[in-house]
Amino acid sequence: MSKVVAVAKNQIENIIYTAAKSVVADGVLPEAELTPFKIEIPQNRDHGDYAVNAAMVWSKAFRNAPRKIAELLTERFDFSNSYIKSCEIAGPGFINFFLADNYYADIVSDVLSKKQEYGKSDFGEGKKVLVEFVSANPTGPMHIGNARGGALGDCLASVLDAAGYYVEREFYINDAGNQINKFGLSLDLRYQQIYKEGIEMPEDSYHGADIVEHAKAFSELYGDSYINVSEEERRKALVEFALPKNIQGLHDDLLKYRIEYNTWFKESSLHASGETAKIIELLKESGHTYMQEDALWFKGSDFGAEDFVLVRYNGVPTYVVPDIAYHYNKLVTRGFDKAIDVLGADHHGYVPRLKAALTALGVDASKLDALLMQMVRLVKDGEVIKASKRSGKAITLVTLLDEVPIDAARFFFNLREPNSHFDFDLDLAVEETNQNPVYYVQYACARISSIIRNLASEGITLRDCSAEELALLTAPEERELIFHIAGFTDEIISSAKTYDPAKMTHYVIELATKFHKFYNACRVKGEREELLQARLSLCMATVTVIKNVLLMLKISAPESM
């Protein structure tokens, strides 16, 4: 939480504990352990800025009704030299506190002094976190699910960074295994079709236009020189030609989407380094494997998961083995304190397998967290757009970004919790109205910039305000706006703890709403100089926080619209 908020809450705690000790010392209440209590923001702010349940928590220990305890405590409260103005008892014994003018003044000052750093904290204590997201198979372009995963993963990494963690972003390239074999098969058949008739594409091969384009490009470069070589040699050459282009395409598309990774980690490197083979041996040594029908199985049931095959009867490891090696590499070899995977909801059975295997390897499986996201449906003209990935007519990330602005794409994909289904309204995403949430927030940003410009054109510029001047911000709309700004740091921490970047979009939408209410109720221009400067300071504090949120989301903050 921000320093001012932390001080205010600490003062409330001290006021209550001091009063309780005083009541006990005078023999009015019996000796008892003063256990922790909660300081919360009430749903209805008319009931106070903070609500405390200390009287209910201590009722049994003090052998008294909560309301009676609350009455005894409040009689001895001392608010001098604090951010607290008054309090009242509500309901069965809640104690509601009301904040003084200097609290609101200091919040505005805090934002203006910290600027881009406002909202950041050391909550994460610098712990190392690796966020792996998108990790699309490099056998074709990214689809709409990858678009959501990209926005979620990237924004989550930004939130964790703001919350005080050391964060790295990583893309895992599946450049080995069945997907690559199928990629080679598909390229091979498309290449042969250029020179031969009657070559059919199997139902489970890749039918996308990109496969055809790769085969044509390969043909233009090498002609028919690979037609009569062995199938193995031809497919190897085709994959080595096309795969780097696909990986570069993923890199370029994600960069356009404003995503940059610290590391592009290749699955093939795990095989080349022997790490995959090492994992198999370590799992054997753990005593949690067994042979069945000539296949090596891992006994996941020892760890609350299902048993699964590690090595097939033909000696080929299953896809999960390099995945186990990859996560072992993250948490042991590279020493990350936490590995977060952003995955599709269809991976719900996959994660327990990984955790079981890591536990068998002596790794704390709680260090691996998976953020499972639900499917996205694209909606246009009120109807769901349907497409088939197998037919090659899937809606890709690039297709989406041709339809809607990048700002809208990134904002919309963070409007809902990851585990909720989401309908992406293409029409709404391009609307320049207040119904479009990203436009609504950006408009608030532009409106404040306009206020500042217009005043500057008349020779009025922002100056440093005294605490007494900022204390003039007493209108209900001003107080609501400032109180919301005060909660920014806590909202970032909550977003980091729950792995939910949607908290950031919700926060900034509400911030824009409270600003518009303030602007409509409290004029800036035309007021006496002290109040004008105080309100101009509040405008600057507001736009600072809006920009800080949009920076985390990697969304532009326009100064005019």
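Taking region 251-269 as the region of interest, how many residues are open to solvent by less than 60 Å² (accessible area, probe 1.4 Å) and out of contact with any Pro (no Cβ under 6 Å at 6 or more places or on another chain)?
So the first thing to find is which residues in region 251-269 are open to solvent by less than 60 Å² (accessible area, probe 1.4 Å), and the list is 253-254, 257, 259, 261, 263, 265, 267-269.
Imposing the further condition that a residue be out of contact with any Pro (no Cβ under 6 Å at 6 or more places or on another chain) reduces the set to 253-254, 257, 259, 261, 263, 265, 268-269.
The total comes to 9.
Can you run down the residue pairs with Cβ atoms below 9 Å, 6 or more apart or on separate chains, where the first is in region 111-128 and touching a residue at least 12 places away in the same chain (Cβ under 8 Å) and the partner is part of a loop (DSSP other than H, G, I, E, B) and surrounded by fewer than 12 Cβ atoms within 10 Å (Cβ to Cβ)?
That search, which allows pairs on different chains as well, returns Leu112/Asp464; Lys128/Gly335.
How many residues does region 404-451 hold that are farther than 23 Å from Gly153 by Cα, β-branched (Val, Ile, Thr) and assigned to a helix (DSSP H, G or I)?
Total meeting the criteria: 3.
Answer yes or no: is there a residue in region 254-269 that is under 22 Å from Lys330 (Cβ atoms), touching a helix residue (DSSP H, G or I) at 6+ places or on another chain (Cβ under 6 Å) and touching a residue at least 12 places away in the same chain (Cβ under 8 Å). Outline the logic, then answer.
First, the residues of region 254-269 that are under 22 Å from Lys330 (Cβ atoms): 254, 259-269.
Still in the running and touching a helix residue (DSSP H, G or I) at 6+ places or on another chain (Cβ under 6 Å): 259, 267.
Next cut, touching a residue at least 12 places away in the same chain (Cβ under 8 Å) only: 259, 267.
Yes: region 254-269 contains one or more residues that are under 22 Å from Lys330 (Cβ atoms), touching a helix residue (DSSP H, G or I) at 6+ places or on another chain (Cβ under 6 Å) and touching a residue at least 12 places away in the same chain (Cβ under 8 Å).
Do you know which of the residues in region 452-472 that are open to solvent by 80 Å² or more (accessible area, probe 1.4 Å) and either outside any loop (DSSP other than H, G, I, E, B) or of a type in the set (Phe, Trp, Tyr) (or both) is nearest to Gln533 (Cα to Cα)?
Looking at the filtered set, the residue picked out is Glu468.
Please go through (1) small (Gly, Ala, Ser); (2) part of a loop (DSSP other than H, G, I, E, B); (3) touching a helix residue (DSSP H, G or I) at 6+ places or on another chain (Cβ under 6 Å) for Ala147 and return the number of the only condition it doesn't satisfy.
Exception for Ala147: condition (2).
So in region 164-182, with the set limited to residues that are within 19 Å of Gly153 (Cβ to Cβ) and among the acidic types (Asp, Glu), which one is surrounded by the fewest Cβ atoms within 10 Å (Cβ to Cβ)?
Glu168
Could you grab me the full set of residues in region 23-33 that are in a loop (DSSP other than H, G, I, E, B) and either buried (at least 16 other Cβ atoms within 10 Å of the Cβ) or modelled with pLDDT of 95 or more (or both)?
Taking region 23-33 as the starting set, the residues that turn out to be in a loop (DSSP other than H, G, I, E, B) are 26-33.
Result: Leu29, single match.
Go through (1) over 27 Å from Asp294 (Cα atoms); (2) touching a helix residue (DSSP H, G or I) at 6+ places or on another chain (Cβ under 9 Å) and name the single condition Tyr328 misses.
Answer for Tyr328: the failing condition is (1).
If I ask for residues that are in contact with a Ser or Thr (Cβ under 8 Å, 6 or more places away or on another chain) and either assigned to a loop (DSSP other than H, G, I, E, B) or modelled with pLDDT under 95 (or both), which ones from region 152-172 would you list?
Answer for region 152-172, where residues must be in contact with a Ser or Thr (Cβ under 8 Å, 6 or more places away or on another chain) and either assigned to a loop (DSSP other than H, G, I, E, B) or modelled with pLDDT under 95 (or both): Ala163, Gly164.
Please determine, by comparing only the residues of region 183-203 that are among the acidic types (Asp, Glu) and farther than 20 Å from Asn246 by Cα, which one is most open to solvent (accessible area, probe 1.4 Å). Working first, answer last.
Kept after step one, since they are among the acidic types (Asp, Glu), are these residues of region 183-203: 188, 197, 200, 203.
Checking the rest, the ones that are also farther than 20 Å from Asn246 by Cα come to 197, 200, 203.
Values: Glu197: 180, Glu200: 140, Glu203: 125 Å².
Checking each candidate, the answer is Glu197.
So, of the residues in region 44-102 that are charged (D, E, K, R) and assigned to a helix (DSSP H, G or I), which turns out to be nearest to Glu468 (Cα to Cα)?
Going residue by residue through region 44-102, those that are charged (D, E, K, R) are 45-46, 49, 60, 63, 67-68, 71, 75-76, 78, 85, 88, 101.
When the remaining residues are screened for being assigned to a helix (DSSP H, G or I), the result is 45-46, 60, 67-68, 71, 101.
On the way: Arg45: 24, Asp46: 24, Lys60: 44, Arg67: 36, Lys68: 38, Glu71: 33, Asp101: 9 Å.
By that ranking, first place goes to Asp101.
Which pairs turn up if I take residues in region 510-525 that are free of Cβ contacts under 8 Å to residues at least 60 places away in the same chain and under 18 Å from Ser537 (Cβ atoms) and look for partners that are surrounded by 20 or more Cβ atoms within 10 Å (Cβ to Cβ) and among the aliphatic types (A, V, I, L, M) with beta carbon separation below 6 Å, at least 6 apart in sequence or on another chain?
Between residues of region 510-525 that are free of Cβ contacts under 8 Å to residues at least 60 places away in the same chain and under 18 Å from Ser537 (Cβ atoms) and residues that are surrounded by 20 or more Cβ atoms within 10 Å (Cβ to Cβ) and among the aliphatic types (A, V, I, L, M), the close pairs are Lys514/Leu481; Phe518/Leu481.
The values are calculated or read from the model by the stated rules, or taken from the named source; none is laboratory data. Because the structure is a prediction, the values reported are computed rather than measured. No Cβ is skipped: glycine too gets one built from the backbone with ideal geometry, and neighbour counts run over all protein chains shown. Keep in mind that these areas ignore ligands, DNA and RNA; they rest on the heavy atoms of the full protein, side chains included. Shrake-Rupley method; radii C 1.70, N 1.55, O 1.52, S 1.80 Å.
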